[in-house]
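Peer 1: Take a look at the following structure, please.
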Amino acid sequence: MNKLSCLIGLAAVVGATPALARDYVLLDTDKPAQNWKIDSQQLGIKTDKPFSVSLRTLHGGLQEGVSLIDIDTGAMTITVVPTRGMNVLRAVAGDVRMGWDSPVKDVVNPAFIEQNGRGGLGWLEGFNELVTRCGYEWVGHPGMDNGELLTLHGRAANIPASKVVLSIDEQPPYAIRLRGELKEQAFKKVDFSVATELSTTPGATGFVIDDTLTNNGDYPKEYQALYHNNFGTPLLGQGARFVAPVKQVSPFNAKARGDLANWQTYRGPTKDYDETVYNLVPYGDARGDTLAVLHNQAGDRGVRVDYNVQQLPVFSLWKNTDTEKQGYVTGLEPGTSFSYNRRFQRPLGLVPTIGPKEQRQFRVGFALLADKAAVDQAVQRVNEVQAGRPTEVREEPLVDLTKQQ
Amino acid sequence: MNKLSCLIGLAAVVGATPALARDYVLLDTDKPAQNWKIDSQQLGIKTDKPFSVSLRTLHGGLQEGVSLIDIDTGAMTITVVPTRGMNVLRAVAGDVRMGWDSPVKDVVNPAFIEQNGRGGLGWLEGFNELVTRCGYEWVGHPGMDNGELLTLHGRAANIPASKVVLSIDEQPPYAIRLRGELKEQAFKKVDFSVATELSTTPGATGFVIDDTLTNNGDYPKEYQALYHNNFGTPLLGQGARFVAPVKQVSPFNAKARGDLANWQTYRGPTKDYDETVYNLVPYGDARGDTLAVLHNQAGDRGVRVDYNVQQLPVFSLWKNTDTEKQGYVTGLEPGTSFSYNRRFQRPLGLVPTIGPKEQRQFRVGFALLADKAAVDQAVQRVNEVQAGRPTEVREEPLVDLTKQQ
Amino acid sequence: MNKLSCLIGLAAVVGATPALARDYVLLDTDKPAQNWKIDSQQLGIKTDKPFSVSLRTLHGGLQEGVSLIDIDTGAMTITVVPTRGMNVLRAVAGDVRMGWDSPVKDVVNPAFIEQNGRGGLGWLEGFNELVTRCGYEWVGHPGMDNGELLTLHGRAANIPASKVVLSIDEQPPYAIRLRGELKEQAFKKVDFSVATELSTTPGATGFVIDDTLTNNGDYPKEYQALYHNNFGTPLLGQGARFVAPVKQVSPFNAKARGDLANWQTYRGPTKDYDETVYNLVPYGDARGDTLAVLHNQAGDRGVRVDYNVQQLPVFSLWKNTDTEKQGYVTGLEPGTSFSYNRRFQRPLGLVPTIGPKEQRQFRVGFALLADKAAVDQAVQRVNEVQAGRPTEVREEPLVDLTKQQ
């Protein structure tokens, strides 16, 4: 049992599926999404925190036909969007919400989005989730690469999941797993599938994403992955801090360079701030495990995001501390790559390849830090991983965007 | 009670909603569009003209999943398309039809349209309505502006409405109102919502569109609105005339300049005519109220379009008098702007801004003129508004499209 | 009864519809696609080979809402995709399959495809059928023409069919016909409709496509058609051969030129082969009837594709003998045109026009060749049509793609 699972109480979740679990197919080729619910009482499971999982479909506007799955652990309701790449819309525990308030209010059906619109920024017409999968053919800002317009952050977030299966262990701690497959395919171009899994346990105030990318093709392919994990109020606020074991930090561009001195602290909602982005190279522990922590000014509430630097070697810290209505939000984004267009990342060595039939695993854990003790423990863990190693603060962006385009 | 409501018999419609009205939610987040109908008999309302409202969903082809709402006032059936921006497909009273015959026969689901296709003309693959909302981020011809391709006439017509509510007054004249909300949102780009309303009364042969645009964001934004109101036969025909109180008329481009002398009269279906467009600056009365009239050669049938120049200060007269199958149609189009690409309208002062939380209202009335007396009365009203003021006929287009691009 | 119908046992199919047939509307404006099945027993038809036709709808992933129609002749199951241009997904007879294994596994709903994406190659995100209709406004590689980006192979494959009707004759041989209409329309641009028909008979191991393109508009329009008929294993394999009566063969481009000597034979799955394409001008018989044959190395299994050179005067032989997972497949593609972008085909005289109200018919037959005798008979027919006439092997591609772009 690793630290990640400890923290969010996922005793038996991470690792192999136990022999005894009930599976519920929620969506499949011959099974349309239909309103459905199951709870611990129906399952004959007695827990301190009764839990339930429900499925419903939204109608009207740009969310026509979008399905949502609510996993209520008894302590947190995690809302997953099968129609949008198994993204996590939000996770709410009492008065604390992981997620943010985007100007995009609908959970937009990908059928209505032209990702090639707005010069490749069409993705912004649907962006409002807590966890937005970016990839896996490419991530990053739109722009030409190899003669094609790469649209913002790839297709994954706008691919509806095939075959969605809910699995609930029959034994304590009654792990709850939700799996859905994304097919990212185009003749001659790409043949990826992504087996996504979100797991949690009754009573938990966190969850683990565990995705497996497979290159089904006969050729090695470039790929990129970035987990665009987004937090607004109440976790984000004036004086909130970002803490992580960091080897190198550098500004994404000239604007971020100007605010480099304050890269670890957040402003309150700030008119005309727009955004700054910092490119981090994290330290991991001996096994590559690492984490990033966001906590409020008082240090009594926060969130930790756990991942492994062998899977996701770099990290984008997106500080979009503009006004509330503009979308006051920060992104804690582990990835294979930063958010530059792919053509800029190749020279940085941040466009890995995946061989034929090879797989890559990406695991990201999310745990609410509900009080000062939890925040302190997470910060302590950051210090352990940092282990006194230096942090290089690099003034120059890794890519000179003023010269290139 | 203003002249607009007088004309189409909407005694109590325009203005505040009366206290007593029955509301029917036809579409909402948890309520899919389903075949449904209600009529005056069911409502226990005895009127000279029994009325009904019905909802149905189309299948097959590019109209799969498109909902239509038919409001039969007893004298006119008004068909609204919630799936396409609450556009009005047509309004038919006996043998008179407001609307036109587009080559586009399906009522196309926006999911199938790539507005960025055809160099930004993809919108044309769905264009066939009587009232097509254009805007609200931009209107006009496709082209680059601020580094983005603006697609023809904006997104509104291809945004499905959220929460559609039918409201029927419990007291005479039993006003019928249909409301639907459009969300025009994209992170960092725009956060508009448009509360649309179409209202009419039992027995009426007209209706009023009353839209409220809200900028939900924290920043002032440019916006544009244009109501693309389109009429074919039988109202349009050889010798038909356009009459309106006009301060200035100018040709949209060189082609329209060639036909400037006849800008107020229509040809019959004319091979190879394509289109001419005239840019009008209308006069309004002391309150800004104005109108435009289209009537047939005999002057015994027509339509009037009422609006207010404070809301919609300019007007495009689109004369697409090509062959019938090509789409024989004229557009009477009040707007904040003409149909040039937005980059050409900024210098003309026709790209207004809307401040944070501000609203803009656009009201457009449509009334059938069923006989000579009605046509004469409308023309007389035009004369009253013109009030002897001069009309400048400007030979040069306001934008020199031969120089720019 | 012509040779085409002979071969696949379609005695009464080709030609006028007999007076007595049962019609079943499977999809229409007021009739959504619903799971449905009918079989010969229900129809009271006693045949050696009981047959059935069934309709079902797929869910999940990019195939959400896609309908499939399976026509089981008793000897072959032909799967048609109304949602994708009435394309034929596959046709399976025992252990022989017409069709191929594309990396694209979902039957993709056009709503999710941006054909303008990937520089106009978005079509590749849905390409996996046995028969993919290309056209009818244009076919060929993406590229600019008349100031517009023409996307790969036109829109037809991504237009859902309107009104799908199954018709079963009441008299022997109980012909089975499936009709669906495609509307390819855009205001000012195009007003085409395509009445598609697929017909077969109980017990048949083949079928006939019979499409009628109508220009509903008032102006002559350019059009192009290409039937992208795709075969993988087991018909395609190392040493498989292509045989057809050919007047001229030329390589599509420099790469194909290098392999010109072997244009009639196939490699097994070959790493890094990608594709070669040969442009053929076929000979027809006195009536224009012609055929193309693909058979395996042993010459005991194959397929013949029958068509008429007056309808479809040229033929693309697409040899995509790359690895199996990359999509090991050959295309036998009769068309009005080759696969160059339309702007390159105009000078070749391969962009025909269709006058107002005119129609063009395209008939393509598919027949499984189940044994050596059938293969030999088909090859003999090729020789009859060739009739000793010479084949010009042209070394230079018809279009010099290295100079143009």
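Peer 1: Sort A:258-268, C:106-116 by the packing proxy (mean of other Cβ within 10 Å over each peptide's residues), most packed first.
Peer 2: Details: A:258-268: 15.0, C:106-116: 24.4.
By packing density, highest mean first, the sequence is C:106-116, A:258-268.
Peer 1: Enumerate the amide H contacts of residue C:315 below 5 Å, restricted to partners 5 or more residues apart or on another chain; note that Pro and chain-start residues carry no placed amide H.
Peer 2: C:280, C:335
Peer 1: Okay, moving on. Between residue C:371 and residue C:212, what length in nm is gained on full extension when 0.36 nm per residue of separation is reduced by their alpha carbon distance? Please report the intermediate quantities before stating the final value.
Peer 2: Details: separation 159, 0.36 × 159 = 57.24 nm, distance 3.30 nm.
Extending this stretch completely gives an extra 53.9 nm.
Peer 1: Summarise the partner chain shielding of A:120-129 as one whole number: the mean count of Cβ atoms from other chains within 10 Å of each residue's Cβ.
Peer 2: Working: counts 2, 5, 5, 2, 6, 7, 3, 4, 2, 0.
Mean shielding count: 4.
Peer 1: At residue A:20 and residue B:20, where each label point lies 7 Å from the Cα along Cα→Cβ, what is the point-to-point distance in nanometres?
Peer 2: 6.5
Peer 1: Shifting gears a bit: What is the calculated FRET efficiency for residue B:248 to residue C:28, with r their C-beta to C-beta distance and R₀ = 56 Å, to the nearest 0.05? Please list the in-between numbers first.
Peer 2: Working: r = 50 Å, r/R0 = 0.90.
That pair, residue B:248 with residue C:28, gives E of 0.65.
Peer 1: So, one more: Tell me the mean residue ellipticity at 222 nm calculated for the protein assembly as shown from its helices only (DSSP H runs of n ≥ 4, each -39500 (n - 2.57), averaged over every residue, nearest 500).
Peer 2: Details: 15 runs with 101 residues, N = 1215.
Helix-only estimate at 222 nm: -2000 deg cm²/dmol.
Peer 1: Tell me which A residue has its C-beta closest to the axis rotating A onto B, and the distance in Å?
Peer 2: Spelled out as residue then distance in Å, it is A:111, 2.
Peer 1: Dipole magnitude of the stretch A:3-393 about its Cα centre, charges +1 at Lys/Arg Cβ and -1 at Asp/Glu Cβ only, in debye to the nearest 20? The partial results should precede the final answer.
Peer 2: Values: 41 positive and 43 negative charges, 84 e Å.
That gives the stretch A:3-393 a dipole magnitude of about 400 debye.
Peer 1: Moving to a separate point now. Evaluate the charge dipole of the stretch B:230-373 about its Cα centre and quote only its size in Debye, nearest 20, assuming +1 on the Cβ of each Lys and Arg and -1 on the Cβ of each Asp and Glu. If you can, show how the numbers build up before the last one.
Peer 2: Numbers: 18 positive and 13 negative charges, 75 e Å.
The calculation lands at about 360 debye.
Peer 1: At a 10 angstrom cut-off on C-beta neighbours, averaged per residue, how do the peptides C:180-188, C:24-32, A:211-219 rank from highest to lowest?
Peer 2: On the way: C:180-188: 22.8, C:24-32: 16.6, A:211-219: 19.4.
With the highest mean Cβ count within 10 Å placed first, the list reads C:180-188, A:211-219, C:24-32.
Peer 1: State, to one decimal in nm and shortest first, how far the label point of residue A:50 sits from each corresponding label point in the other identical copies (label point: 7 angstrom along Cα-to-Cβ).
Peer 2: 5.0, 5.0
Peer 1: Now for a separate question. Under a Cβ-Cβ cut-off of 9 Å, what is the net charge of the residues other than residue A:59 that fall near it, where Lys and Arg count +1 and Asp and Glu count -1? Display every interim value, and only then the final one.
Peer 2: Values: positive: B:31; negative: A:64, B:28, B:30.
Result for the local shell: -2.
Peer 1: Work out the mean other chain Cβ neighbour count within 10 Å for the residues of C:29-37 and drop it here as an integer.
Peer 2: 3
Peer 1: Show me C:380-387, C:335-342 ranked by packing, highest mean number of other Cβ atoms within 10 Å first. Each step should come with its number before you reach the end.
Peer 2: Values: C:380-387: 15.2, C:335-342: 24.4.
Descending packing order for the listed peptides: C:335-342, C:380-387.
Peer 1: Can you compute log10 of I(q)/I(0) for the protein assembly as shown with the Debye formula, treating each Cα as one identical point scatterer, at q = 0.09 Å⁻¹?
Peer 2: Debye output, listed in q order: -1.21.
Peer 1: Taking every pair of alpha-carbon atoms in the stretch A:33-112, what share in percent sits in each 5 Å bin, from 0 to the bin with the longest distance?
Peer 2: Bins of 5 Å from zero give 3, 15, 21, 23, 18, 12, 5, 3, 0 percent of pairs.
Peer 1: In units of 2.2 N^0.38 Å, what is the alpha-carbon radius of gyration of chain C?
Peer 2: Values: Rg = 20.1 Å, N = 405, 2.2 N^0.38 = 21.5 Å.
Chain C yields a ratio of 0.93.
Peer 1: Continuing with the same structure: Please give the FRET efficiency for residue C:384 paired with residue C:298, using the beta carbon to beta carbon distance and R0 = 30 Å, rounded to the nearest 0.05. Before the final figure, lay out each step's value.
Peer 2: Working: r = 23 Å, r/R0 = 0.77.
With a Förster radius of 30 Å, E is 0.85.
Peer 1: Now a separate question. How many nm is it between the label spots at residue C:395 and residue A:270, if each spot is 7 Å from the Cα in line with the beta carbon?
Peer 2: It works out to 6.9 nm between the two label points.
Peer 1: So what is the relative contact order of the stretch A:230-282, in percent, for Cα pairs below 8 Å that sit 6 or more residues apart? It would help to have the intermediate numbers written out before the result.
Peer 2: On the way: 62 pairs, mean separation 26.5, N = 53.
The normalised contact order for the stretch A:230-282 reaches 50 percent.
Peer 1: Continuing with this model, one more query. Around residue A:46, with a cut-off of 15 angstrom between Cβ atoms, what is the net charge of the other residues, counting Lys and Arg +1 and Asp and Glu -1? It would help to have the intermediate numbers written out before the result.
Peer 2: On the way: positive: A:49; negative: A:39, A:48, A:169, A:170.
That works out to -3.
Peer 1: Next up: Provide an ascending nm list, one decimal, of label-point separations from residue A:383 to the equivalent residue in each further copy; define each label point as 7 Å from Cα along Cα→Cβ.
Peer 2: Shortest to longest, the spacings are 9.1, 9.1 nm.
Peer 1: Provide the descending list of Cα extents for the stretch B:229-309 along its principal axes, expressed in whole angstroms.
Peer 2: Here the spans come out as 42, 32, 19 Å, largest first.
Peer 1: Oh, and also: Grab the Cα-Cα distance for residue A:238 and residue A:48, subtract it from 0.36 nm times how many residues apart they are, and report the gain in nm with one decimal. Don't jump to the answer; show the numbers that get you there.
Peer 2: Details: separation 190, 0.36 × 190 = 68.40 nm, distance 3.59 nm.
My answer for the length gained is 64.8 nm.
Peer 1: Also, quick follow-up: Among C:221, A:163, what's the order by accessible area (1.4 angstrom probe), most exposed first?
Peer 2: Details: C:221 50, A:163 100 Å².
In descending accessible area the options line up as A:163, C:221.
Peer 1: On to the next question. Calculate the FRET efficiency for residue A:348 and residue B:357 from the Cβ-Cβ distance with a Förster distance of 41 Å, rounded to the nearest 0.05.
Peer 2: Numbers: r = 43 Å, r/R0 = 1.04.
Using R0 = 41 Å, I get an efficiency of 0.45.
Peer 1: Here's something else I'd like to know. Across the stretch B:347-356, in residue order, what do the Karplus-derived ³J(HN,Hα) couplings come to in whole Hz, using 6.51 cos²θ - 1.76 cosθ + 1.60 with θ = phi - 60° and x for Gly and Pro?
Peer 2: Each residue of the stretch B:347-356 in turn: x, 7, x, 10, 10, x, 10, 10, x, x Hz.
Peer 1: While we're here: For the residue pair residue B:39 and residue A:39, what label-to-label distance in nm results when each label sits 7 Å from Cα along the Cα-to-beta-carbon direction?
Peer 2: It is 4.4 nm.
Peer 1: Give the nm distances, rounded to one decimal, from residue B:394 to the matching residue in every other copy, measuring between label points 7 Å along Cα toward the beta carbon; shortest first.
Peer 2: Once sorted, the set of distances for residue B:394 reads 5.5, 5.5 nm.
Peer 1: What percent does the relative contact order of the stretch A:3-393 come to when contacts are Cα pairs within less than 8 Å and at least six residues apart? Intermediate values should be presented prior to the final figure.
Peer 2: Details: 1062 pairs, mean separation 63.8, N = 391.
Rounded, it is 16 percent for the stretch A:3-393.
Peer 1: Let me ask another. How many partner chain Cβ atoms sit within 10 Å of a residue's Cβ in peptide C:177-187, on average, as a whole number? Kindly include the intermediate steps, with their values, before the conclusion.
Peer 2: Working: counts 0, 0, 0, 2, 2, 2, 9, 2, 12, 14, 14.
Other-chain Cβ atoms within 10 Å of each residue's Cβ, averaged: 5.
Peer 1: Give me the net charge of residue A:37's neighbourhood, meaning all other residues with Cβ under 15 Å from the Cβ of residue A:37; Lys, Arg count +1, Asp, Glu -1. Spell out each step's value before the answer.
Peer 2: Details: positive: A:22, A:56; negative: A:39, A:70, A:72, B:30.
Combined, the nearby Lys, Arg, Asp and Glu give -2.
The values are calculated or read from the model by the stated rules, or taken from the named source; none is laboratory data. None of these values were measured; they are calculated from a predicted model. Note: ideal-geometry Cβ built from the backbone for every residue, glycine included; neighbour counts use all protein chains shown. Ligands, DNA and RNA are stripped out before the accessible areas are found, and what is left, the full protein with its side chains, is counted by its heavy atoms. Shrake-Rupley method; radii C 1.70, N 1.55, O 1.52, S 1.80 Å.
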